[in-house]
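The values are calculated or read from the model by the stated rules, or taken from the named source; none is laboratory data. Keep in mind it's a predicted model, so treat the numbers as computed, not measured. Counting neighbours? That spans all protein chains shown, and the Cβs are built from the backbone with ideal geometry, glycine included.
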Amino acid sequence: MIADIPLPSRHGPFEQGLWAALDRGELAHQHCAACDSWHFPPRWRCHCGGALEYRPVSGKAHLWSWTQVHPPVLPAFAPFAPYVVGIAELVEAPGLRMVGSLLIAADDPINRVQPAQLRIGMPLAAVVREIAPGLPWPAWQIIETEQPAGEAS
Amino acid sequence: MTQGVTIAGKVAIAGIGQTRFGKGLEPSERELACMAIDAAIRDAGIAPGEVDGLASYTLEATPDFELVRDLGLGPLHFFSQVGHGGGAGPGAVGQAAMAVATGQARAAVVWRSRKRSAAASRVWAQTSTVLEDHWKWSRPSGLLRPVDEVAMLAQRYIHEHGAIASALARIAVTLRDYACANPAAQMHGRPITAADYHASRMVADPLRLFDNCLESDGAAALVLLPADRAGKDCVVVEAFAQGLVTGHQSMADFHRPDPLKSSSHVTAAKLWSMTRFTPADVQVAQFYDAFSPLILFSLEAYGFAPSGAAARFVEEGGIGPAGRLPCNTSGGSLSEAYLHGFNLIVEAVRQLRGQASTQVANAGLALVTGCDATPNSALLLRRQA
Ligand SMILES: [Zn+2]
């Protein structure tokens with residue numbers, strides 16, 4: 001947890017299922033049974049017109065992109081800069097992506113991962129942890145840091 | 001091919017005005033607005049009381065009624081604002097042009113004033129403790145600033161299309177060279193080299209200091225009149241479009257199947273459907289450039305380079321004074337001033353009048369775009385002889 005960071009309101013529309021799952025330490029997203037599509041950020045209904053229902057997701061993802069944030073940043077984040085932020089694309093659907101910190105160990109600070117350890121497409125797993133008391137949010141643990149055999153470093 | 005009734009050729013940009021650009025200017029934001037609008041009205045050769053339309057960005061802090069009182073405008077019959085930050089500029093002009101083309105207004109002023117160069121007043125630094133808007137999904141993870149958000153897209157672009165560092169250096173140097181030819185530019189007299197670019201500090205990997213727009217104070221304004229009032233040789237609005245692609249959310253736009261196919265792609269498709277002209281006819285462009293990769297993205301979206309080929313277009317000199325498409329010829333947001341893109345529109349008019357500091361020979365058709373990373377807009381302007 002980092003003190004005094006901007007925090008997401010838990011009271012936005014169509015979000016109850018997301019927060020309920022995170023409170024259980026799980027990750028869930030809106031799913032449309034009519035066209036078998038997944039959606040995030042939360043919305044009223046599917047683009048096909050179908051109703052949406054929160055369903056658990058696997059938490060498996062791949063790194064879609066990343067940046068390393070250098071100063072100047074908000075004072076709350078300044079002691080950690082530079083730090084890496086990633087975008088995880090969940091295996092359930094292309095486009096089902098979440099922004100989050102990247103970790104080696106589940107309890108790492110936000111600035112342990114270094115750019116040289118990153119490869120777009122590398123597998124990630126969701127780790128739900130508190131970013132403020134009573135406010136769980138997923139970060140993304142790198143579950144394989146070795147380069148695949150045969151790929152130049 | 002054009003679709004039905006359009007505003008093509010019906011509205012002229014008959015006046016332009018701007019203040020000095022710089023950091024820490026003395027006048028207030030409202031006074032800067034008055035100075036720029038007054039200059040544009042005088043340039044158009046009309047009386048302030050003839051102005052009956054005002055359009056601007058929702059970013060503005062000054063209410064339109066204050067300007068009406070300050071300058072003796074009105075009575076007004078059209079007043080509008082366009083949202084989405086840097087995506088708004090061409091849209092504000094286009095909406096005012098629609099009002100003038102339809103008679104809702106007889107003379108409209110479009111303006112932008114900014115006095116925000118102090119670091120403490122940066123918009124991203126004013127983020128609240130509890131986020132209710134779409135930034136709740138990214139800022140708590142430390143993705144805080146617009147440059148961080150564009151860096152994510154640039155990193156992905158590199159993964160899909162290859163390295164862009166040389167192209168970004170070329171953009172920074174080219175725009176700085178244009179600024180060095182433009183006495184009004186904030187970076188006039190301060191040339192940089194590609195080596196300076198590569199040595200500049202990293203801000204959000206892969207973006208460096210010289211990939212970022214300036215912090216500026218200043219104001220600029222335009223006057224729109226019916227083309228038949230503007231005289232023989234004038235600059236007219238040939239086409240205008242706005243675009244918001246389904247699923248786009250401003251800046252932190254990561255949640256669609258292909259975020260690299262931005263709202264610019266739908267804006268461009270609409271723009272080109274509203275005119276007989278094509279990208280091949282455009283002689284000069286002013287692409288929204290708060291961050292240099294937005295120029296690469298926009299070159300592709302508006303049809304000047306195939307997908308993935310914008311870096312090569314730039315590296316081959318395509319945006320320079322002798323290139324296929326001279327771009328951001330006053331120095332743009334990187335080196336002239338950052339007014340959320342409004343100075344780019346003024347520069348397009350100067351090019352078509354033959355009054356630019358780096359003049360493109362016989363410029364007859366100019367493109368101006370809004371921010372690629374937000375819901376946005378574009379204008380095609382034409383010299384009417
Ligand atoms: Zn559906």
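Here A:G12 passes the criteria (1) within 16 Å of the ligand (Cβ to nearest atom); (2) facing chain B (nearest Cβ under 9 Å) except the one numbered (1). Determine whether region B:177-193 contains at least one residue that is within 14 Å of chain A (Cβ to nearest Cβ) and farther than 29 Å from B:G45 by Cβ. No - not one qualifying residue is present in region B:177-193. Screening A:C46 on (1) more than 19 Å from the chain's Cα centre (by Cα); (2) within 14 Å of another protein chain (Cβ to nearest Cβ); (3) of a type in the set (A, V, I, L, M, F, W, C); (4) over 23 Å from B:D253 (Cα atoms) shows it passes everything except condition (4). Look at A:G59 and say whether it is more than 9 Å from chain B (Cβ to nearest Cβ), at pLDDT 95 or above and over 18 Å from the mean Cα position of the chain (by Cα). Against the criterion (more than 9 Å from chain B (Cβ to nearest Cβ), at pLDDT 95 or above and over 18 Å from the mean Cα position of the chain (by Cα)), A:G59 does not qualify. In this entry, A:I104 passes the filter for residues that are farther than 17 Å from B:M152 by Cβ and at pLDDT 95 or above. Looking across region B:208-219, just one residue is buried (at least 22 other Cβ atoms within 10 Å of the Cβ) and in contact with a Lys or Arg (Cβ under 6 Å, 6 or more places away or on another chain), and that is B:D217. Against the criterion of being surrounded by fewer than 19 Cβ atoms within 10 Å (Cβ to Cβ) and touching a helix residue (DSSP H, G or I) at 6+ places or on another chain (Cβ under 7 Å), B:P226 qualifies.
Is it the case that B:S263 is within 14 Å of chain A (Cβ to nearest Cβ) and in contact (Cβ under 8 Å) with a residue 40 or more places away in the chain? Let's see the steps before the verdict.
Numbers: within 14 Å of chain A (Cβ to nearest Cβ): no; in contact (Cβ under 8 Å) with a residue 40 or more places away in the chain: yes.
When the stated conditions are applied, B:S263 does not pass them.
If the condition is being farther than 15 Å from A:Q68 by Cβ, free of Cβ contacts under 8 Å to residues at least 40 places away in the same chain and either touching a Cys at 6+ places or on another chain (Cβ under 6 Å) or more than 7 Å from every other protein chain (Cβ to nearest Cβ) (or both), then region A:84-102 contributes A:E89, A:V91.
Could you please let me know if B:A39 is in contact (Cβ under 8 Å) with a residue 12 or more places away in the chain, of a type in the set (G, A, S), surrounded by 24 or more Cβ atoms within 10 Å (Cβ to Cβ) and out of contact with any Lys or Arg (no Cβ under 8 Å at 6 or more places or on another chain)?
Values: in contact (Cβ under 8 Å) with a residue 12 or more places away in the chain: yes; of a type in the set (G, A, S): yes; surrounded by 24 or more Cβ atoms within 10 Å (Cβ to Cβ): no; out of contact with any Lys or Arg (no Cβ under 8 Å at 6 or more places or on another chain): yes.
No; evaluated as a whole, the condition is false for this residue.
Here's the yes/no breakdown for (1) without any contact (Cβ under 8 Å) to a residue 40 or more places away in the chain; (2) in contact with a Leu (Cβ under 6 Å, 6 or more places away or on another chain); (3) within 20 Å of B:G89 (Cα to Cα):
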residue	(1), (2), (3)
B:R276	no, no, no
B:F291	no, no, yes
B:S307	no, no, no
B:V349	no, no, yes
B:T358	no, no, no
B:A363	no, yes, no
B:V368	no, yes, yes
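Can you confirm whether B:A220 is away from chain A (no Cβ under 14 Å), under 30 Å from B:F78 (Cβ atoms) and not in a loop (DSSP other than H, G, I, E, B)? Considered against the rule, which asks whether it is away from chain A (no Cβ under 14 Å), under 30 Å from B:F78 (Cβ atoms) and not in a loop (DSSP other than H, G, I, E, B), B:A220 comes out as yes. When every residue of region B:72-85 is checked against the conditions, at least one turns out to be touching a His at 6+ places or on another chain (Cβ under 8 Å) and closer than 30 Å to B:Q249 by Cβ.
Of the residues A:A28, A:A81, A:A33, only one is among the small types (G, A, S) and within 13 Å of chain B (Cβ to nearest Cβ); which?
Details: A:A28 fails: within 13 Å of chain B (Cβ to nearest Cβ); A:A33 fails: within 13 Å of chain B (Cβ to nearest Cβ).
The unique qualifying residue is A:A81.
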